[in-house]
Amino acid sequence: MPHLIGERVMLREYRHEDLVPIRGWVNDPDIVRYLSDIFLYPHTLESTESFLQAMMDPRPDSRSFVIADAATELYIGQIGLDSIDWKNRMGRIGIVIGSSERLGRGYGSEAMRLLVSFAFRELDLHRLELEVYDFNERAIRSYAACGVKEEGRLRERLYKEGRRVDVLVMGLLRSEWEAEQSDCGEHGSPANI
C-alpha cells in the first residue's frame, strides 16, 4: 500500500522497529486514559509484539497505518479503519498519538484528514464513525475540525477513573466531507488542533 503523505505526517505501514515507540506508550497512563479498556492492565512485551505482528498482517476488514514524521518516517502514533463493512460502505476510526509531548500539535488532525480522504476517495466508503470519551476534549475538538459530527451520547456508558463517563458517538458522511472540500479547497478546513 502506498504511503499517504501530508505536510508534516505520513501514514505508512507498520514496521518491526515500531515496537520500541509503541512500547513507550502502551503503559503510559497519560496516553491510555483516553483509550479502550484493553489498557486497564499493563501490557507485556509479548502482547505488544503480538499486536504489532497483527498490524503487519493484512485483514480484509481493516486498514491500519502508522502516523509517522513525513521527513524521517519515525513513529508518532497510529490510525486506522476497523470493522469495515464493505456492503454498507462504512468504517470505524481509531487513532492514538503515542507521546504526551506530541499531543495538541496538529499531528492527529492532519493524520485524520489523510485517513478520511483515503477512506472516501480510495476505498469508496460512505460513512466513517468513532467513539470518544466525553472528557477527551482535545480529541473532540480535533474531530470537529475535521468535519466529524456528534451524533449521539451513550450516557454513563463507562466507569473510568472513579466516575461514570459518557461516550460520544461521532460520524462523518461522504456527502458532508465532499461539501467541505468544495468549500475549503482540496485540503479541507485549515483548522489545526
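The values are calculated or read from the model by the stated rules, or taken from the named source; none is laboratory data. In this text, all values refer to a predicted model and were calculated from it rather than measured experimentally. When we count neighbours, we look across all protein chains shown, and the Cβ atoms used for this are built from the backbone with ideal geometry, even at glycine. When the accessible area is computed, the model is the full protein with side chains, heavy atoms only, and any ligands, DNA or RNA have been set aside. Shrake-Rupley method; radii C 1.70, N 1.55, O 1.52, S 1.80 Å.
Shown is the FRET efficiency for residue 163 and residue 102, computed with R0 = 35 Å from the Cβ-Cβ distance and rounded to the nearest 0.05: 0.80.
Just to confirm, what accessible area per residue do you get for segment 78-155 at 1.4 Å probe, in whole Å²?
Numbers: 3620 Å² over 78 residues.
On a per-residue basis, segment 78-155 sits at 46 Å².
Reported to the nearest whole Å, the Cα centre-to-centre distance from segment 1-27 to segment 83-139 is 15.
Where does the charge balance sit around residue 129 when Lys and Arg score +1, Asp and Glu -1, over other residues with C-beta under 13 Å from its C-beta?
Values: positive: 89, 92, 127, 149, 174; negative: 82, 85, 131, 150, 151, 176.
Neighbour charge sum, excluding residue 129 itself: -1.
Note on residue 30: accessible area approximately 90 square angstrom, rounded to 10, probe 1.4 Å, nucleic acids and ligands left out. Label point of residue 3 set 7 angstrom out along Cα-Cβ; within segment 100-134, amide nitrogens under 20 Å from it belong to 106-119, 122. When you filter the trypsin sites (Lys or Arg not before Pro) in segment 18-99 for DSSP loop state and at most 10 other Cβ atoms inside 10 Å of their Cβ, you are left with 87.
With the convex hull drawn around the C-alpha atoms of the chain, the volume per residue stands at 117 Å³.
When the dipole is taken about the Cα centre of the chain, and only Lys, Arg (+1) and Asp, Glu (-1) are charged at their Cβ, what size is it in debye, to the nearest 20? Write down the numbers at each step before the final one.
Numbers: 25 positive and 33 negative charges, 73 e Å.
Dipole about the Cα centre, nearest 20: 340 debye.
Residue 20 exposes around 110 Å² of accessible area when a 1.4 Å probe is run over every protein chain in place.
So, with a 1.4 angstrom probe, what is the percent of accessible area on the chain that is carbon and sulfur?
Working: 5310 of 10360 Å².
Accessible surface attributable to carbon and sulfur in the chain totals 51 percent.
Using 0.36 nm per residue and subtracting the Cα-Cα separation, the extra length available between residue 62 and residue 83 on full extension is 6.9 nm.
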